[in-house]
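The values are calculated or read from the model by the stated rules, or taken from the named source; none is laboratory data. Since this is a predicted model, take the numbers as computed values, not measurements. With ideal geometry, Cβ positions are generated from the backbone for all residues, glycine too; neighbour counts draw on all protein chains shown.
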Amino acid sequence: MISIPAPHTALKNFDSFWQALQSLLALPPESPPAPHIPEPGDSSLEQPLQLSLQQLLGETKITYAPEDRRKYGEGMGYDGFLNLINQGLFPSAVVYPESEQEIALLMLWAGQREIQLLPWGGGGAPYRAKSTPQGAFLAVDLQRMNRILDLDTEQRRIRLQAGVRWQDLHSQLTAWTTGQVFPFDEATVGGSLATSSIGTQSLGYGTLIENTPFIKAVCPTGPLELMQPAAFSSDLRGMMLGSQGAWGFITEVSLRIFPQPQEKGLILASFMSRNEALEKLRTLLRSGVPLSAARIVDAEDLLLFNASPPPSLGRLLRSLRGNTPAWAAHLILEIHGSREAYTTTRQYVDEWSKNSEGQIALGPRTVPFPLQNWSQRFALIRPLWEQGVLGHLITAVVPWHQTNGFLKDWEEALRSVLLATGGVPGVLLTTVYASPQHALIYTLLFGRQASGDPPALQEQLDDIQAVALETKRRWGMNTEQPQLIQHTLQCVAEVLDPLEVILR
Ligand SMILES: Cc1cc2nc3c(=O)[nH]c(=O)nc-3n(C[C@H](O)[C@H](O)[C@H](O)COP(=O)(O)OP(=O)(O)OC[C@H]3O[C@@H](n4cnc5c(N)ncnc54)[C@H](O)[C@@H]3O)c2cc1C
């Protein structure tokens, strides 16, 4: 049986990444002048305010240093970078509370002084879906609220503080797992709930929401304890799930846990077209074969990100360079459980390859895992932004039956907008993660930045986002909340945070 290798051992370095990108995208012959990156000056908090904040939290939980505040001026994505070069907004201080009580005191303190607070988890995209701060604000980083409070193996529950990062949690839980794995492994439990993220192993373990029976939050008007309701009762966890932390901090969470599987197996199947891979994946999902996770990765993804492709994929790379037909997509299946579970799936997949006349290839029984850690990928992508290249991730959640049609439309629309705004064809890399009801689409866009100053880059990104939104609308994905829900959320906000202490 195969054990799954660490996912981020084979990342390219920037030079080889840049070379690989050059073979796919017409890069600018000469990099345009790098945009001016603003630096934070001195904190806008006056001495008396600094002193009173210090009295509240203690000196060691606050920093005003420009080099620290610089790190909190953007998230990890391109949208955060454009915010930075266009607006140059930095928090006046970064604070690291260690308890709910400290958060409550902080909210009171901030409310009395018209200072706003920005909840900060793993820092993936903390500014997304937020308005521009109009005055002083503090970044409230929950990294010190990272304790496991109780591990109840009988009830199969773990209670923990919301600042725990998934990667740290999983390295501590050796005999157990939450089954919640996210492509951004620096994400925190609280941040994932606030953005209502769906994990990549939801086929085997269920979604984060299904596995979170309890959420505690601290809001400016008081604490909230939200339980998973009994059937047919209203689910108040919705006040915090997907709230983007707009009116309160998620501070504590209970999660279901599962014993670590006896065995973990991985199967890689390569296809001449992504539609074929999607079709086969859908048949697998309908067949009831026990899968924990499945995803389809574009072939170019390996070329771009994997430092040492497995020998079995040598053919792919050779054919990408020449004109021979290439594998277009790879289906990666994870099976957690017993040896039998693995064998059942392997037999099922073996049949495809036997009947495919060479159109489907199965990887060897030990295959390196193509890199899936997006935080590390973004470390490679970030330098591109200062060299005239756009690298942006855009996502969609699509019902399975619409996936082929949606993807065709989505990618055509995104290609057109990259060409129209950048002047040369762009490159799209799509990964499709499987959840029971939906395909989670992550499309990474590479293109030439629009020529011009930073506002022109923002306009280009706005055009791309507008095209993505319009495509979702065409496919009936209601991206805007219905009026009634909007109104309800407005009321929730007014009750929980009437003074708008929290940035929203
Ligand atoms: C480069 C990049 C691009 C991404 N693109 C997408 C995308 O297109 N679509 C998508 O769905 N996801 C995307 N994500 C993932 C997602 O936005 C977050 O990375 C992750 O799910 C949230 O975890 P976090 O701990 O990093 O939260 P952060 O990114 O720090 O915060 C995310 C949001 O949650 C709030 N928040 C954080 N912690 C708490 C808390 N304890 N209580 C209340 N509110 C809190 C923040 O204020 C913010 O609004 C992207 C991530 C990265 C790194």
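For residues that are more than 10 Å from the ligand (Cβ to nearest atom) and on the phi > 0 side of the Ramachandran plot, scanning just the range 217-256, find the one that is farthest from the chain's Cα centre (by Cα). Per the stated criteria, the residue is PHE232. Of all residues in the range 187-216, those being within 9 Å of the ligand (Cβ to nearest atom) and among the small types (Gly, Ala, Ser) number 7. Can you tell me which residue within the range 161-186, out of those that are more than 8 Å from the ligand (Cβ to nearest atom) and free of Cβ contacts under 8 Å to residues at least 24 places away in the same chain, is surrounded by the most Cβ atoms within 10 Å (Cβ to Cβ)? Filtering first and then ranking leaves LEU169. Condition (residue is in a helix (DSSP H, G or I), more than 25 Å from PHE184 (Cα to Cα) and among the polar types (S, T, N, Q)) applied to the range 473-481: is it met by at least one residue? No, there is no match, as no residue in the range 473-481 is in a helix (DSSP H, G or I), more than 25 Å from PHE184 (Cα to Cα) and among the polar types (S, T, N, Q). Screening the candidates SER270, SER234, SER196, SER243 for the property of being assigned to a loop (DSSP other than H, G, I, E, B) and farther than 22 Å from TRP120 by Cβ yields one hit, SER234. State all residues of the range 199-231 that are more than 26 Å from GLU186 (Cβ to Cβ) and part of a loop (DSSP other than H, G, I, E, B); if no residue qualifies, say none. Passing the criteria: PRO220, THR221, GLN228, PRO229, ALA230, ALA231. A search for C-beta distances below 8 Å between a residue of the range 111-129 that is closer than 27 Å to PRO183 by Cβ and any residue that is at pLDDT 95 or above and among the basic types (Lys, Arg), counting only pairs 6+ apart in sequence or on different chains, returns GLY122/ARG165.
The strands (runs of 3 or more DSSP E) located wholly in the range 385-454 that include 3 or more residues which are under 18 Å from PRO28 (Cα atoms) and within 19 Å of the chain's Cα centre (by Cα) occupy 389-399.
I need the strands (runs of 3 or more DSSP E) fully contained in the range 71-159, keeping only those with at least 1 residues that are on the phi < 0 side of the Ramachandran plot and within 13 Å of the ligand (Cβ to nearest atom).
On the way: elements: 93-95, 116-120, 137-141, 148-152.
Correct list: 93-95, 116-120, 137-141.
Taking the listed residues PRO48, PRO38, PRO33, the one that is touching a Leu at 6+ places or on another chain (Cβ under 9 Å) and either assigned to a loop (DSSP other than H, G, I, E, B) or closer than 24 Å to GLN112 by Cα (or both) is PRO38, with no other qualifying.
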